[in-house]
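Some notes on the structure that comes next.
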Amino acid sequence: MINELPLGTRLPSRTSLCKRLDTNRRTLDKAINELCEVGVLYSIKGSGTFVNSLMKETEHRIENWGLILPNLEMPVFANIAVSVERYTSSRKIHLILCNSCEDLDKQEGYIRRLIKSPVSGIIVIPVINERTAARTNTYIKLLEDKMPVVFCCRTFTGCNWPVVMINNFYGGYIATKHLIKQGYQNIAFIAIHDHNEGRVTEERCQGYISALMEANIPINYQWIIFENKSEDNEITYARIRELLAKRDCGEMCEGAIDAVFGVNDETCRIIYQIISDCGLKVSDSVGVIGFDNVDYCGKMIPPLSSLTYDGKDIGFMASEILWGISHGECLRQDYKYYFCQPRLILRKSCLGPIVVGQG
């Protein structure tokens, strides 16, 4: 807005500015103070705040980025925020941090505010739910404004921006390969929660299938379970319990599984409970490995093996890409995905099966 005002123009009242910019008085006062510090504005006590004659010389110093995360309490997202902040600080960029709390309406509100701010680029981990496909107007607005945007961790149908993703295929592959190496042969793939329209589930499942094929282990499609809606949990519980219950005093029966690759650690917590309800033991009877390595993995009994990835790597890569796009250093690419590699954190949930009568 300031860029459109003649030099020496007095700014409107703080009340009208708050309404126009869709913000609160505290945020506005902070912004005006920062602009006064760098010489874009100046204030005269009793008269108001004015556009400085030095503005055209100093405006290039000010650059703002927006960062929208779905849940700041999750370690991986917090690490992304730390990494982006360090990058922007090194470039003397102001960072505006927004927490959508997995709320699509809240996310859209933040995007509208960031466009008004204005910012020169946005990094976002989008909210993905059943309403996402029908709520694309905000994203269309970003395209119309030619706003540089980089997505992280999640994407959706029709996304036309660069996306920094976890190599989910590779993660599924190395997780399943480890279970095979430990002596498990009847390995199920179970997905109960996926915040990414099933895309993450499909990629990790493809890695799981590839590892089985490489080991010449027949693929039993009855052991691949996708249930991504919370209302299906009871049905899912029954399906998984049916697979695990096909044992007699711990011995394998036809159609029984001896290991599970869970699409995420949230799924594995449910699997742990079902294993216990069946009178079986994790690792000895059924090996389990998860994905995400959240805080509670090490506190589970036994501690859960899981795949981890560094949110700081994701944040740095996303920042580098956004810098390139917003400064004309990144040419258009036909392939929009960038990948960070996961790695295994091994604990005691898949040490190898114990067969009754042996050992």
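The values are calculated or read from the model by the stated rules, or taken from the named source; none is laboratory data. All values derive from a computational prediction rather than experimental measurement. All Cβ positions, glycine included, derive from the backbone under ideal geometry; neighbour counts span all protein chains shown. Note: accessible area is taken over every heavy atom of the protein model, side chains too, but ligands, DNA and RNA are not part of it. Shrake-Rupley method; radii C 1.70, N 1.55, O 1.52, S 1.80 Å.
Values computed for the structure shown
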| read-out | value |
| --- | --- |
| Folded to 0 to 90 degrees: helix 265-277 orientation relative to the chain principal axis, Cα | 30 |
| Cleavage-rule hits (GluC sites (Glu not before Pro)) in region 65-173: DSSP loop, at most 11 neighbouring Cβ within 10 angstrom | Glu73, Glu130 |
| For the chain: relative contact order, % (alpha-carbon pairs under 8 angstrom, 6 or more apart) | 17 |
| Solvent-accessible area per residue for the chain (1.4 angstrom probe, square angstrom) | 51 |
| FRET efficiency, Ile140 to Lys92 (Cβ-Cβ, R0 30 Å, nearest 0.05) | 0.40 |
| Ellipticity estimate at 222 nm from DSSP helix runs (n ≥ 4, -39,500 (n - 2.57)) divided over the chain, nearest 500 | -11500 deg cm²/dmol |
| Within region 57-122, trypsin sites (Lys or Arg not before Pro) in DSSP loop having at most 13 other beta-carbon neighbours inside 10 Å | Arg91, Lys92 |
| Crossing angle, helix 311-326 versus the chain [Cα axis fit, 0-90 degrees, rounded to tens] | 40 |
| At R0 = 45 Å, FRET efficiency that the Cβ-Cβ distance of Arg20 and Tyr296 yields, to 0.05 | 0.50 |
| In degrees, nearest ten, helix 104-116 long axis to first principal axis of the chain (Cα) | 30 |
| Using θ = phi - 60° and Karplus 6.51 cos²θ - 1.76 cosθ + 1.60, couplings along region 160-169 (whole Hz; Gly, Pro as x) | 10, 10, x, 10, 9, 10, 7, 6, 5, 4 |
| Percentage relative contact order, region 1-103, counting C-alpha pairs under 8 Å, at least six apart | 24 |
| For Cys340, distant residues with modelled amide H under 5 Å away | Met165, Ile166, Asn167 |
| 5 angstrom amide H check on Cys101, placed H, neighbours 5+ away | Asn71, Leu72 |
| Amide H partners (placed H, <5 Å) of Gly287, local residues excluded | Ala259, Val260 |
| Linear extension gain, Arg343 paired with Arg10, 0.36 nm per residue minus alpha-carbon span | 114.2 nm |
| Candidates Asn264, Asn137, Asn293: whichever shows maximal mean-square fluctuation once the chain is modelled as a Gaussian network with Cα springs under 10 Å | Asn137 |
| Among (1) -0.33, -0.42, -0.62; (2) -0.40, -0.50, -0.70; (3) -0.36, -0.46, -0.69, the entry that matches log10 I(q)/I(0) by the Debye sum over Cα atoms at q = 0.07, 0.08, 0.10 Å⁻¹ as calculated here | (2) |
| Tensor-based shape of region 74-153 (alpha-carbon gyration tensor, a/c under 1.5 rounded, otherwise prolate or oblate) | oblate |
| Formal net charge of residues neighbouring Ser83 (Cβ-Cβ distance under 11 Å; K, R +1; D, E -1) | -2 |
| Karplus-derived 3J(HN,Hα), 6.51/-1.76/1.60, for each residue of region 183-190, Hz, glycine and proline x | x, 7, 10, 9, 9, 9, 10, 10 |
| Backbone HN-Hα couplings from phi across region 213-220 [Karplus 6.51/-1.76/1.60, Hz, Gly and Pro as x] | 4, 4, 8, 6, 9, x, 8, 9 |
| Length gained when the stretch Asp313-Asp29 is fully extended (0.36 nm per residue, less Cα-Cα span) | 98.8 nm |
